[in-house]
1. For the subset of the stretch 1-23 comprising residues that are among the hydroxyl-bearing types (S, T, Y) and within 19 Å of Q93 (Cα to Cα), which member is surrounded by the most Cβ atoms within 10 Å (Cβ to Cβ)?
2. Looking only at the stretch 61-86, how many residues end up being loosely packed, with under 15 Cβ neighbours inside 10 Å and at pLDDT 85 or above?
3. In the stretch 87-129, how many are within 21 Å of L54 (Cα to Cα) and not acidic (D, E)?
4. Among the residues of the stretch 24-60 satisfying the criterion of being among the small types (G, A, S) and buried (at least 17 other Cβ atoms within 10 Å of the Cβ), which is farthest from L105 (Cα to Cα)?
5. Checking the condition over 25 Å from S21 (Cα atoms) and modelled with pLDDT of 90 or more, which residue from R100, R128 passes?
6. Hey, does the stretch 30-45 have a residue that's modelled with pLDDT of 90 or more, within 19 Å of L131 (Cα to Cα) and of a type in the set (D, E, K, R)?
Amino acid sequence: MTIYRAHQAPVYRFALRMSGSPATAEDVTQEVFLALLGERDGYDEGRGALRSYLYGVARNQVCKRLERPPPPADREARPAASEDVAAVREAVQALPLAFREVVVLCELEGLSYEEAAAVCAVPVGTIRSRLHRARAQLAESLGAATPAPERRP
């Protein structure tokens, strides 16, 4: 129960930001913790942090769901957001999946490059490259003159 309380909100936010759907985020979050409970050999402390494992399972679940045809649009009430926030959300959702996931992991969830590399099962250099390219695409789509400076973990 302590693990759930500590990690449920970040896993949900990650799934929501990756999928853009509250219903999908809820389903993914549930699947992540069911996987943790049900898999005796799933999480190995020697292979990395629990947080990285949970994000990795969430990533895989979101990717599976994004490969399916999209369900009917969610008609759930959303809190009012400024036009700028809405534009950024739309721009992040429009990124290719590989770029979107590094933006969500590193910029929105605050994972280090090393943690994001463990979640995505790619080298740290790939994370840096994808993040740089994602920032450039975001800057272009949002009409910014230059991308935000690169953050050092």
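1. So the first thing to find is which residues in the stretch 1-23 are among the hydroxyl-bearing types (S, T, Y), and the list is 2, 4, 12, 19, 21.
Now narrow it down to the ones that are within 19 Å of Q93 (Cα to Cα): 12, 19, 21.
Values: Y12: 18, S19: 22, S21: 20.
That would be S19.
2. Let us first name the residues in the stretch 61-86 that are loosely packed, with under 15 Cβ neighbours inside 10 Å, namely 63-64, 67-86.
Checking which are at pLDDT 85 or above leaves us with 63-64.
Final tally of qualifying residues: 2.
3. If we filter the stretch 87-129 for residues that are within 21 Å of L54 (Cα to Cα), which is where we start, we get 97-124, 126-127.
Still in the list and also not acidic (D, E): 97-100, 102-106, 108, 110-113, 116-124, 126-127.
Summing the residues that are within 21 Å of L54 (Cα to Cα) and not acidic (D, E) in the stretch 87-129 gives 25.
4. Taking the stretch 24-60 first, the residues among the small types (G, A, S) are 25, 35, 38, 42, 46, 48-49, 52, 56, 58.
Cutting the leftovers down to buried (at least 17 other Cβ atoms within 10 Å of the Cβ) gives us 25, 35, 52, 56, 58.
Numbers: A25: 15, A35: 20, S52: 10, G56: 11, A58: 11 Å.
Of everything passing the filter in the stretch 24-60, A35 is farthest from L105 (Cα to Cα).
5. Values: R100 fails: over 25 Å from S21 (Cα atoms).
Of the residues listed, the single one that is over 25 Å from S21 (Cα atoms) and modelled with pLDDT of 90 or more is R128.
6. No, because not a single residue in the stretch 30-45 is modelled with pLDDT of 90 or more, within 19 Å of L131 (Cα to Cα) and of a type in the set (D, E, K, R).
The values are calculated or read from the model by the stated rules, or taken from the named source; none is laboratory data. Given the structure is predicted, the values throughout are model-derived calculations rather than measurements. Reconstructed Cβ throughout: ideal geometry from the backbone, glycine too, with neighbour counts over all protein chains shown.
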